[in-house]
Amino acid sequence: MKEQKVRTRFAPSPTGYLHIGGLRTALYGYLFAKKHGGDFILRIEDTDLQRYVEGSVEIIYDTLKDAGILYDEGPDVGGDFGPYVQSERRDIYHKYAQELIRRGGAYYCFCDKERIESLRDENGNCRYDKHCLHLSEKEIEEKLKSGVPYVIRQNIPETGTGSYHDLVYGDISVDFKDMEDGILIKSDGMPTYNFANVVDDHLMGITHVIRGSEYLSSTPKYNLMYDAFGWERPVYIHLPPIMKDERHKLSKRNGDASYADFVEKGFVKEAIVNYIALLGWSPKENAEKMTLAEMVEKFSLDGISKSPSIFDETKMRWLSGEYIKEMSDEEFVSRGLEFFKKSKVYGKYDLNKLAALLKTRVETFGEIPEKVDFLEEFGPYDPALFTHKKMKTDLEVAKKVLPAARELLASLPSFDFQTLHDELMALVARLGMKNGQVLWCVRVAISGRESTPGGVMELAEILGKEETLRRMDFSIGMIGAK
Ligand code: GLU
């Protein structure tokens, strides 16, 4: 028998930014489909008009593409199973709702607000009592004819248990008495998620439904519909929640960070995607840094755990730093350009040289300005900086070192790292001092700081001869070394 082609989907609601949890669902759907040579589909679930946020569909398209999670079918790329936007599928839902009514899986409900309100118990919970299930065909016809507003409800059996096997959570059972006859088609004619997801997953040929664990307990309801229609149920893969800390879920509604926020903060995109993949999945051999292609190759459901994972920004930052270290200077400059532009040094120094200095010293591009701005911030500083016990220097040492170093630097025909290194080392020998004494003093003299990214040679090379000498003169004057 020919094996069925795997088809997975990502079905976000356009309610704002694509948050980390949503992106992980998309990523796992993509990885699973690609691992099995299948298709990954994007479907926009926009039937809740109240939660719709203008522009968020574009954010979904852009984010997935930017993250490299490419879909084979979707609203903007087309495909044979469209439309891929639920609000454009109303007629389809209506047709299938009628069909489900015929099959006894659903019924018209004409109860008005007051009647529904009257069903509330002392805790304010409202559970529909199947009143309209018992209307005669004639009554239903009359009400429909005379335009009485209605919803269509699912007809859930009053007894029995709905069971299924989830590939992450195992066997799940929910008693039908704990479910209510939920609305499938609302009075405005729009379907609810509960109905649309079933119809669409079936019609779009979805073989594996991958989504958040919040749908675990409502899945038996969906299975009732698959069964009533005589459709094959999909395979279910529910994903554990992502937590902000031990007790709080990471959530879009609480404004927790989105993919776009992290890109804006200068995290390397591949690192964000890579880190997100690890939220709930442990690849074999504990692989951590992986390209998307490597993730596809390694992806396996056995590695997905049921327990919630905690989003650890520090770890993602570390991973971002690992990606940065591997970049060429040119790539670092082009990908971090926006952040160089925000710094005070932009347009004044050779960015490739700065890149060489920064690559091993930043974990995100966002750190670029704070790391390089000091180059432009030179002015009076505390002469106590020359005193350093371990380096065996103090103000007296500086008074000897600085004039000699100034003279040497002024005489250099070239100001590249190697020349600076060799000449300063020769100066150390001539002065009969320790390396640290000379290097420390000159670095303080040209930076005015206790710590700098990069040592004195790198710094002098970036500043250039003229600026280095100007700073030497300033420092010599400041400590009265002449
Ligand atoms: N629209 C649903 C959501 O955003 C999708 C759930 C699913 O994947 O079935 O949560």
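The values are calculated or read from the model by the stated rules, or taken from the named source; none is laboratory data. Just so it is clear, the structure is predicted and the values come from calculations on it, not from any experiment. Heads up, the Cβs are rebuilt from the backbone with ideal geometry, glycines too, and the neighbour counts pull from every protein chain shown.
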### Query
Does any residue of region 427-441 turn out to be closer than 24 Å to ARG361 by Cα, within 50 Å of the chain's Cα centre (by Cα), in a loop (DSSP other than H, G, I, E, B) and of a type in the set (Phe, Trp, Tyr)?
no
### Message
Contact list please: Cβ distance under 9 Å, first residue in region 125-150 and more than 18 Å from ARG115 (Cα to Cα), second residue surrounded by fewer than 14 Cβ atoms within 10 Å (Cβ to Cβ), pairs at least six apart or on different chains.
### Response
GLU142/VAL148
### Task
With respect to GLU3, determine if the residue is of a type in the set (Asp, Glu) and over 26 Å from the mean Cα position of the chain (by Cα).
yes
### Message
What are the pairs with Cβ atoms under 7 angstrom where one residue, in region 16-33, is over 12 Å from LEU279 (Cβ atoms) and the other, located anywhere, is of a type in the set (A, V, I, L, M) and within 13 Å of the ligand (Cβ to nearest atom)? Sequence gap at least six, or different chains.
### Response
GLY16/VAL53; LEU18/ILE60; GLY29/ILE210; PHE32/ILE210
#### Entry: Matching residues in region 380-418 - criterion: being assigned to a helix (DSSP H, G or I), within 15 Å of GLY480 (Cβ to Cβ) and not small (Gly, Ala, Ser)
PRO383, PHE386, LEU395, GLU396, VAL397, LYS399, LYS400, VAL401, LEU402, PRO403, ARG406
### Summary
Going through (1) in contact with a strand residue (DSSP E or B) (Cβ under 9 Å, 6 or more places away or on another chain); (2) farther than 24 Å from SER213 by Cα; (3) exposed (fewer than 14 other Cβ atoms within 10 Å of the Cβ); (4) in contact (Cβ under 8 Å) with a residue 12 or more places away in the chain one by one, SER163 fails only at (2)
### Message
TYR236 - would you say it is surrounded by fewer than 22 Cβ atoms within 10 Å (Cβ to Cβ) and touching a His at 6+ places or on another chain (Cβ under 8 Å)?
### Response
yes
#### Entry: Sole exception among (1) more than 27 Å from the chain's Cα centre (by Cα); (2) within 16 Å of the ligand (Cβ to nearest atom); (3) over 18 Å from VAL198 (Cα atoms); (4) among the hydroxyl-bearing types (Ser, Thr, Tyr) for SER56, by number
(1)
#### Entry: So ILE276, is it β-branched (Val, Ile, Thr) and either away from the ligand (no atom under 13 Å from the Cβ) or at pLDDT below 95 (or both)
yes
### Query
What are the residues in region 195-223 that are outside any helix (DSSP H, G or I), polar (S, T, N, Q) and more than 13 Å from the ligand (Cβ to nearest atom), if any?
THR207, SER217
### Message
Checking LYS65 against (1) within 17 Å of HIS208 (Cα to Cα); (2) in a helix (DSSP H, G or I); (3) among the charged types (D, E, K, R), only one condition comes out false. Which one?
### Response
(1)
### Message
Cβ-Cβ distance below 7 Å, separation of 6 or more or different chains: which pairs start in region 329-344 with a residue that is in contact (Cβ under 8 Å) with a residue 24 or more places away in the chain and crowded, with 17+ Cβ neighbours inside 10 Å and end on one that is of a type in the set (D, E, K, R) and part of a helix (DSSP H, G or I)?
### Response
SER343/ASP373
### Message
If the requirement is being in contact with a helix residue (DSSP H, G or I) (Cβ under 6 Å, 6 or more places away or on another chain), surrounded by fewer than 16 Cβ atoms within 10 Å (Cβ to Cβ) and hydrophobic (A, V, I, L, M, F, W, C), which of these qualifies: TRP231, TRP281?
### Response
TRP231
### Task
Tell me which residues, restricted to region 449-482, are more than 39 Å from the chain's Cα centre (by Cα), at pLDDT 90 or above and basic (Lys, Arg).
LYS465, ARG470, ARG471
### Query
If you scan region 307-352, which residues turn out to be among the aromatic types (Phe, Trp, Tyr) and farther than 15 Å from GLY266 by Cα?
PHE311, TYR346, TYR349
### Task
Check whether at least one residue in region 212-221 is more than 28 Å from LEU119 (Cβ to Cβ) and not basic (Lys, Arg), and report yes or no.
yes
### Residue satisfying condition, being free of Cβ contacts under 8 Å to residues at least 24 places away in the same chain and more than 16 Å from the ligand (Cβ to nearest atom), within set ASP66, ASP72, ASP62
ASP62
### Query
Among the residues of region 4-28, which ones are within 12 Å of the ligand (Cβ to nearest atom), of a type outside the set (A, V, I, L, M, F, W, C) and not in a helix (DSSP H, G or I)?
THR8, ARG9, PRO12, SER13, PRO14, THR15, GLY16, HIS19
### Summary
Picked from region 29-47 (must be assigned to a helix (DSSP H, G or I) and away from the ligand (no atom under 11 Å from the Cβ)), the residue surrounded by the most Cβ atoms within 10 Å (Cβ to Cβ) is TYR30
### Summary
Only one of TYR236, TYR226 is away from the ligand (no atom under 11 Å from the Cβ), of a type in the set (Ser, Thr, Tyr) and either touching a residue at least 60 places away in the same chain (Cβ under 8 Å) or assigned to a helix (DSSP H, G or I) (or both), namely TYR226
### Query
Pick from region 260-315 the residues that are polar (S, T, N, Q) and outside any helix (DSSP H, G or I): which of them is nearest to GLU363 (Cα to Cα)?
THR291
### Query
under 18 Å from the mean Cα position of the chain (by Cα) and either under 16 Å from ARG335 (Cα atoms) or crowded, with 22+ Cβ neighbours inside 10 Å (or both): does that describe LYS289?
no
### Query
Could you say whether any residue in region 185-194 is over 25 Å from SER300 (Cα atoms), in contact (Cβ under 8 Å) with a residue 24 or more places away in the chain and in contact with a helix residue (DSSP H, G or I) (Cβ under 6 Å, 6 or more places away or on another chain)?
yes
